[in-house]
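Student: The following block contains the structure, expressed as structure tokens.
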Amino acid sequence: MTSDMGKTGAGELLLASGKLTEKQLELARRRESRLRIPLHKAIVDLNFASEEDAYRAMAEVSHLDFVDLSKLEFSKATLQLVPVKLVLHYRIIPLSLENGVLTLAMSEVPGMTELGNLRLLLGKKLKLSIATPSGIHAIIKQNYGLGADTIQQLRDGQGFKSGTQEVVFDIKSAEDSKNVDVSVSRFVDQILLEALRLDATDIHIEPYTSNIRLRYRIDGVLQDVPIPEGLRQIHDSLVSRLKVMAGLNIAERRIPHDGRIAMKTGQEEYALRVSIIPTKHGEAVCLRILGRQSLFLDLAQLGMEPEQQATLESLTRLPQGMVLITGPTGSGKTTTLYAALANANDSGRKIITIENPVEYQLDGISQIQTHEEIGMTFSNALRSILRHDPDVVLIGEIRDAETAEIAIRAAQTGHLVFSTLHTNDSVSTITRLIEMGIEPFLVGSSLVCSIAQRLARRVCRNCRTEDTAIPDPLRKEMATALGILPSEVKAWRGKGCVECNQHGFRGRVAIYEFFILTDQIADILTQNVTTGQLRAAAAQQGWKPLRTQAFLKVQSGLVSVEETQRLTLRVCDYPVLHKPKSL
């Protein structure tokens, strides 16, 4: 059986077992074809099935055993059956050696060439088993630490000799000819590759007196990454390497630095936004990962309710008007905007975007990067592009009254405008625009819809269990919001497993709140209109607040009660904190 047959068979097996729907399998196959990745990996990436289910199916159709690494204990002697370099390069875990046969756990079925290379390097007969990538990552981190082989080579003063380098940076450094720097370069590669594998959005490298702290922001929360001892001694070299990659001054360590790194791994291109600040114990580094080309720009994958998705699809087909998306930094506004643009993009419309930075590249769309230091601001760029006869305009963010006014005028003169605005909810968009100096009648005649969103951590599909400890007041609130009986309220939580790194969450799902500006609401807009009046009017038109939308996700098992409370409780909803009399 070929590996392709195995991949296709895995999808069909999951479909037959009821763990995948026809629609989900179709979307996964589209991702497989577009990104040229295995089908079972596409299914996991889209969170249609747990890693264990997907890889068990792949193992079954490949006629290999599946092993749950979290249930095994590894002795030092067992781990030493395979050199650290090979463990990290091939992502393999030695399980046992019996009668000259070495049993290995891998996450993918190797090709004949790779299998032959392993037999030659290890000098033994091999028996293969399949394990999940998360299980293999967990064992490697627990027993070796990130970049263990590189640190050992730096201690020994040896150069690093590797095969094909997975990550290729768009810079060339003369320092790469030095053995130590080559190893530091490789360690940087390992940090970046591990962040990409874990779908991290940020990388934090923080120096302290005797150690270095490495953390990834995954699903919006910082998580520590185990690292081997000895990293503190190469911290300055590591920071210098990142500075060279970003084109920064490696000799200046007294002031903050900001830069950008372009890189690619395989067929995907990425950008890193680099921020370096001086601290007492050395320079701290923060890397923001941008520009993922694998962004799945499909409205069906955003996490909207069916009626919300239908509304957004209708909005992308409007000839004119303004659609604003609101939410805090990191709430997924850019992803929603790009999915809307992808849906609006056809040969009969011209689309131009103004962004800072241009995070994702879309074919058929003209994208402009702002440069405020030379006067290329959002407002100036917007004035210019309106002369290019666009049908659809995307403005990365409305930051000031001037940009807001030009966007409003554009929406009234035959352009469909998409942008973002910082407000707490969708209804507050109205009062925010009026506070910025926009006349209420202009807001009423140009704004079509305001969408508020939050990114909630998704309950891990693999270790999900029903949550029966819902407080009675919250249970009643959910029942009232959803129009059901309190006894019908359900919730789930994650117990913690190897797939979610014992956190109980894996991946994120967006929660949306749509506010449609109807004629009835436009008629009450004045300079003195309050958010409370707008909410009351919107509720009469069928508007549902973000908290109600979150309860729908709780009831369907996607989001936990804990996450709903974290994201949707307002300050006024918390118990009143009484000041001590002494104050």
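The values are calculated or read from the model by the stated rules, or taken from the named source; none is laboratory data. All of these numbers come straight from a predicted model, not from anything done at the bench. Note that we place each Cβ from the backbone using ideal geometry, even for glycine, and neighbour counts take in every protein chain shown. Note: accessible area is taken over every heavy atom of the protein model, side chains too, but ligands, DNA and RNA are not part of it. Shrake-Rupley method; radii C 1.70, N 1.55, O 1.52, S 1.80 Å.
Student: Within the group Lys243, Lys280, which residue is touching a residue at least 12 places away in the same chain (Cβ under 8 Å) and over 30 Å from Tyr338 (Cβ atoms)? Reasoning before the result, please.
Tutor: Values: Lys280 fails: touching a residue at least 12 places away in the same chain (Cβ under 8 Å).
Only one candidate qualifies: Lys243.
Student: I need the full set of residues from segment 319-375 which are out of contact with any Leu (no Cβ under 7 Å at 6 or more places or on another chain) and among the acidic types (Asp, Glu), in order please.
Tutor: Matches in segment 319-375: Asp346, Glu355, Asp363, Glu372, Glu373.
Student: Tell me, which helices (runs of 4 or more DSSP H) wholly within segment 437-545 include 1 or more residues that are hydroxyl-bearing (Ser, Thr, Tyr) and out of contact with any strand residue (DSSP E or B) (no Cβ under 8 Å at 6 or more places or on another chain)?
Tutor: The helices (runs of 4 or more DSSP H) meeting that bar are 440-446, 472-482, 531-540.
Student: Given the condition polar (S, T, N, Q), open to solvent by 10 Å² or more (accessible area, probe 1.4 Å) and over 30 Å from Glu269 (Cα atoms), answer yes or no: does some residue in segment 441-452 qualify?
Tutor: Yes; the residues of segment 441-452 include at least one that is polar (S, T, N, Q), open to solvent by 10 Å² or more (accessible area, probe 1.4 Å) and over 30 Å from Glu269 (Cα atoms).
Student: I need the full set of residues from segment 222-236 which are of a type in the set (Asp, Glu) and either farther than 24 Å from Leu88 by Cα or part of a loop (DSSP other than H, G, I, E, B) (or both), in order please.
Tutor: Once the filter is applied, which keeps residues that are of a type in the set (Asp, Glu) and either farther than 24 Å from Leu88 by Cα or part of a loop (DSSP other than H, G, I, E, B) (or both), segment 222-236 yields Glu229, Asp236.
Student: Restricting attention to segment 315-334, report how many residues are under 13 Å from the mean Cα position of the chain (by Cα) and either on the phi > 0 side of the Ramachandran plot or at pLDDT 95 or above (or both).
Tutor: 2
Student: Would you please name the residue that is farthest from Ile289 (Cα to Cα), looking only at residues in segment 352-386 that are outside any strand (DSSP E or B) and within 22 Å of the chain's Cα centre (by Cα)?
Tutor: Per the stated criteria, the residue is Asp363.
Student: Looking at segment 425-471 only, could you name the residues that are without any contact (Cβ under 8 Å) to a residue 60 or more places away in the chain and either under 20 Å from Leu569 (Cα atoms) or over 29 Å from the mean Cα position of the chain (by Cα) (or both)?
Tutor: Residues satisfying the conditions are Leu433, Glu435, Met436, Gly437, Ile438, Glu439, Leu442, Thr468, Ala469, Pro471.
Student: Pick from segment 211-227 the residues that are without any contact (Cβ under 8 Å) to a residue 60 or more places away in the chain and in contact with a helix residue (DSSP H, G or I) (Cβ under 6 Å, 6 or more places away or on another chain): which of them is most open to solvent (accessible area, probe 1.4 Å)?
Tutor: Asn211
Student: Any idea which of Leu104, Leu14 is among the hydrophobic types (A, V, I, L, M, F, W, C), touching a Phe, Trp or Tyr at 6+ places or on another chain (Cβ under 9 Å), over 20 Å from His137 (Cα atoms) and open to solvent by less than 30 Å² (accessible area, probe 1.4 Å)?
Tutor: Checking each option against the conditions leaves just Leu14.
Student: So which residues in segment 389-402 are open to solvent by less than 20 Å² (accessible area, probe 1.4 Å) and more than 29 Å from the chain's Cα centre (by Cα), if there are any at all? I'd like the intermediate steps shown before the answer.
Tutor: So in segment 389-402, the residues open to solvent by less than 20 Å² (accessible area, probe 1.4 Å) come out as 390, 392-395, 398.
Result: Pro390, single match.
Student: Then there's this: From Ser556, Ser560, which residue is of a type in the set (S, T, N, Q), surrounded by fewer than 20 Cβ atoms within 10 Å (Cβ to Cβ) and closer than 29 Å to Lys490 by Cβ?
Tutor: Ser556
Student: Here's something else I'd like to know. Can we say Arg547 is in contact (Cβ under 8 Å) with a residue 24 or more places away in the chain, charged (D, E, K, R) and buried (at least 19 other Cβ atoms within 10 Å of the Cβ)?
Tutor: yes
Student: Restricting attention to segment 28-60, which residues are among the hydrophobic types (A, V, I, L, M, F, W, C), in contact (Cβ under 8 Å) with a residue 40 or more places away in the chain, in contact with a helix residue (DSSP H, G or I) (Cβ under 8 Å, 6 or more places away or on another chain) and crowded, with 20+ Cβ neighbours inside 10 Å?
Tutor: Ala49, Ala54, Ala57, Met58
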